Every structure is written in structure tokens, then in C-alpha cells.
1. Where Lys and Arg each count +1 and Asp and Glu each count -1, what net charge lies around Val437 among other residues with Cβ under 11 Å from its Cβ?
2. Which order do peptides 456-466, 40-50, 133-143 fall in by mean Cβ count within 10 Å, highest first?
3. Taking the mean number of other Cβ atoms within 10 Å as a proxy for protection, how do you rank 275-288, 64-77, 302-315 from highest to lowest?
4. Using the reciprocal of the averaged 1/r over all distinct C-alpha pairs, how large is the Kirkwood radius of segment 51-195 in Å?
5. Pulled fully out, how much extra length does the chain show between Ala8 and Trp321, if you take 0.36 nm times their separation in residues and subtract their Cα-Cα distance?
6. What is the angle, in °, between the Cα long axis of helix 240-259 and the longest principal axis of the Cα atoms in the chain? Nearest 10 is fine, range 0 to 90.
7. Rounded to the nearest 5, what % of DSSP beta bridges with both residues in the chain are antiparallel?
8. Taking just the C-alpha trace of the chain, give me its Rg and Dmax in Å.
Amino acid sequence: MIPDTTPAELEQALADAAAAAGPLAQSEPATRAGWIRAVADALDAAADELVPIAQRETALPEARLRGEVARSSGQLRMFADVLDEGSLLEVIIDTADPQAKPVPRPDLRRVLVPLGPVLVFAASNFPFAFSVCGGDTASALAAGCPVIVKAHPGHPELSLKTAEVMIEALRAAGAPAGSLGLIQGYDVGVTALKDPRITAAGFTGSVPAGKALHEIAVTRAEPIPFYGELGSLNPVFVTQAAVDARGNEIAGGYVGSFTLGVGQFCTKPGLLFLPAGHGLQDQLVEATGGVAGGKMLNDRIADGFSSGLDRLQKVDGIRVWASGGATLLQTTVPELLERREEILEECFGPVSIVVEYSSTEELVAAVEAFEGNLTATLQAEETSDAELAGKLLPLLTARAGRVLWNGWPTGVAVSWAQHHGGPFPSTVGSIHTSVGVTAARRFQRPVAYQDTPDTVLPAVLQDANPAGISRRINGSVTTAEVSR
């Protein structure tokens, strides 16, 4: 039993993070990259110790958990590479131009600087990739921000051991004390969020909890950014041409996606829209019936799934096609539109709904029924569906942060171009993401220096560019030296 953090321990964690903020912010990008790589190496080295703890606390399989460790360490190394390359700082230099019209232009040098201590609320469903060593922590450290992680109660021992590995790696690599801290307990997270030393927060969890924490963050005496990933239905829309070309493949891919990880992915496809007369019911029912039951992450999530499934099954117009290890439900677009609020409520776990449409007009109406989502998918044929795709893609773009063509939303690549966010309620702050390089933008702010002597400028803004990072100078990206 891991005890909750005491008030005295919380105060120490906050004080340590505040003390580390200055040295972290002033650290050179290459130095910070070295600290982050040391953490990545330490995580990989500790996998044999950490994975069994994760198995015991989450019931997730070993292969999945080892993949998560590799994903987490890989994400840390990606941020280290970006620090070395320099674009994370978005350095922009406009040298003085006395001849500029209508007035002379001063020397302006802009860089992104860290906000300060960041509070991260860890997720339950990815005990590595969205927890203590997850993307929020990695991106905040890369931005130069100390991090305090509020551990998820679903894996408290793993959180503690992971934090110990990371803190020791940071210490041994020379990072400031207080660069990373861990706290446990619900009330302690709320107290930390209210503390003026916290300058931003990241959260992955339920809509009610996320909305409550967001309200705290924005109503403080000094409001702070709160980046929450709250929930998503991730609808998939299938055209008749796609059914004709590869219906069986679509049926199998869909069932595999919505049951992956016992349906406990934030990108699980919650609804599949098929044209009436699709002829795929038998394949869908057979595939769903063949899914073995699995243990969910914890009792709270299992209870929530059970009550959510019971609620859905009682909605008028919902029919059960298959049940067992996974559940497949069915309805139609008119019935969905009539009971939109009841049907379009996320049920976290191995359940999904097939929704049948009878016309293009119904398909468009179905797309327009959705609020914000992390993803939206179109299964279509490039040539024969070009006109329909041209109509649907803008509607999907307005409602999702990632739009997929002939794929499945489960599986989020960690890359420069990735966006793992979307319009509310999928996330709070849809212009930012929790996965990929741009995740660090959440914890930075721009500062422009005007006519500041070279000798007192931050090194990354100096003429000599001692770090050799990429910079945009007078409109052109370069690493070359410039003279003022």
C-alpha cells in the first residue's frame, strides 16, 4: 500500500520544483538533451524490474508493457534529438534594418522559453506511455520545465518505482534536483493544481474529472494553461464502394481495433457507420464472438464499463448483435439522431456500435452529429468516392484532430507530424497535442528581445550561434553565423 503524499511532502516537492525551474530554463539545449537521454537509457535498463510490477497492477500483458517502455524511452530520445537540432526553441531573428519602410526596424530576436513547474496527472490505461515517464513528462522536461507527476491510483507502486529510476538518472546526469517529483492521492493533486508555483498542467482521463480540474486551473488567482485529454468516440465512416471492394477486411479490422487492449484505448473506434444492406453482419458477429474476455485495468474501470454498457443496451433503438468477451451493438442513423445524447456518450471498454445509414444525406447528418474527437476515419475508395470524400473530409476535419483514410485509429505513432488532440470535449486546448514533438509547445511561451546587446543575449540568440542550432534569420532557415 503506497500512502498518499503528506502536506509536508507536497510542499517539499513544490519547493524543489520551483528551485529547479531557473537552472532548467537556463540549461543549454545539448545539456538538457543529455539529461533526457540518460533517463531513456535508465528506463530501458530497468524494464525487467518495472514490467512485472506493471503486470501485477494493471493486468496488461508483458509484450504490451515492454512495447510501452520502448515507446517511452524512444519518445524521450526523440525530444533529445529535437533539442540538439534546435527547432524546439523556434529561434527567429530579424536583424535591424534602418531602411525599412514605413519606419526603421529594430533588431528583434525571438525564442520560446519554459513556463516553469508543470503538474502532470497520469493516465490509467498506459502505465508507461501516458504516466510517469509518458509524453507529458518528456515534453515538459524537453521544454525546460520541472515536472511533478500526480500518480494514477491504478498503478501506484509502478509509479513510485518509475519515478525513482528517472530521478536517479537525472541526478547522475547532472540535472538540477527537483527536475522530477511524484505525488500520490486525489486531494493532493487538487492542492498542487491550486498552488501558484505550478504554471501549467496536463491531464488524461475522464470528461467529468478533466472538466473539474480545468475549472480549478482557469479560476485560480493567476489562471494557468490546462491541457486535458478527456474522451473520444472516434467514429469510422464506410462507403458502399469500400464495402464492395473489401468488406470482409473492414469487418475484421474494425473488430480488432475496438477490442484491442480490452477496448481501453482512447482511440478505440466507438461507432462504425455502414450503408444499409452492407451484408457484413455475419462476419462482424462472428469476429466479435471470437474475442476472448480480458481483465480490465482496475475495478473502477470495470465497474464503469459495466454500468455504461448496461445504459447503452437500455437505449431505445439499440440492438445487441453480439456479446461475450466483447459486445457489438447496432442502430440506425435516424435512431441515433433521435437519441444523440444517450448514444454518443463514451463507454470505455470492449463495446462498439454499428450504425446503418440509407443515403448520403444520412451519412452527412451522422458526421454533423458529432462533437470533437481525437480521430475520425473514412474508409473509402480513392477514385469512385472522390466526390463523396471531398464532401466528408472537411466535415471530419472540423470535428477531429487526426483524420484517417482506410486505417484504424488505435495506434498513435510518436513522430514529428503526429497530433493527438482534437476539438472539445476530446481535449481542452485543441491546438496542442500530447504526442509528438509539438507536445512541448504546451509548456513554452515566446519572448522577443529588442536591440539587446549580443553579450547578454541567451546563447541560442547570439550572432555566433554557439549551439549550432537551426534558426530562422531574416526569413530564411539557417545555422550559419550572421552579423548584426
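The values are calculated or read from the model by the stated rules, or taken from the named source; none is laboratory data. As the structure is a prediction and not an experimental result, all values here were calculated from the model. We place every Cβ from the backbone using ideal geometry, glycine too, and count neighbours over all the protein chains shown. For accessibility, only protein heavy atoms count, side chains too; no ligands or nucleic acids. Shrake-Rupley method; radii C 1.70, N 1.55, O 1.52, S 1.80 Å.
1. Around Val437, the charge tally is -1.
2. Descending packing order for the listed peptides: 133-143, 40-50, 456-466.
3. So the peptides 275-288, 64-77, 302-315, ranked by packing, come out 64-77, 275-288, 302-315.
4. Hydrodynamic radius (Kirkwood, Cα only) of segment 51-195 equals 17.2 Å.
5. Full extension from Ala8 to Trp321 adds 107.2 nm.
6. So the helix axis and the longest Cα principal axis differ by about 70 degrees.
7. Given both bridge residues lie in the chain, the antiparallel proportion sits at roughly 35 percent.
8. 24.4, 75
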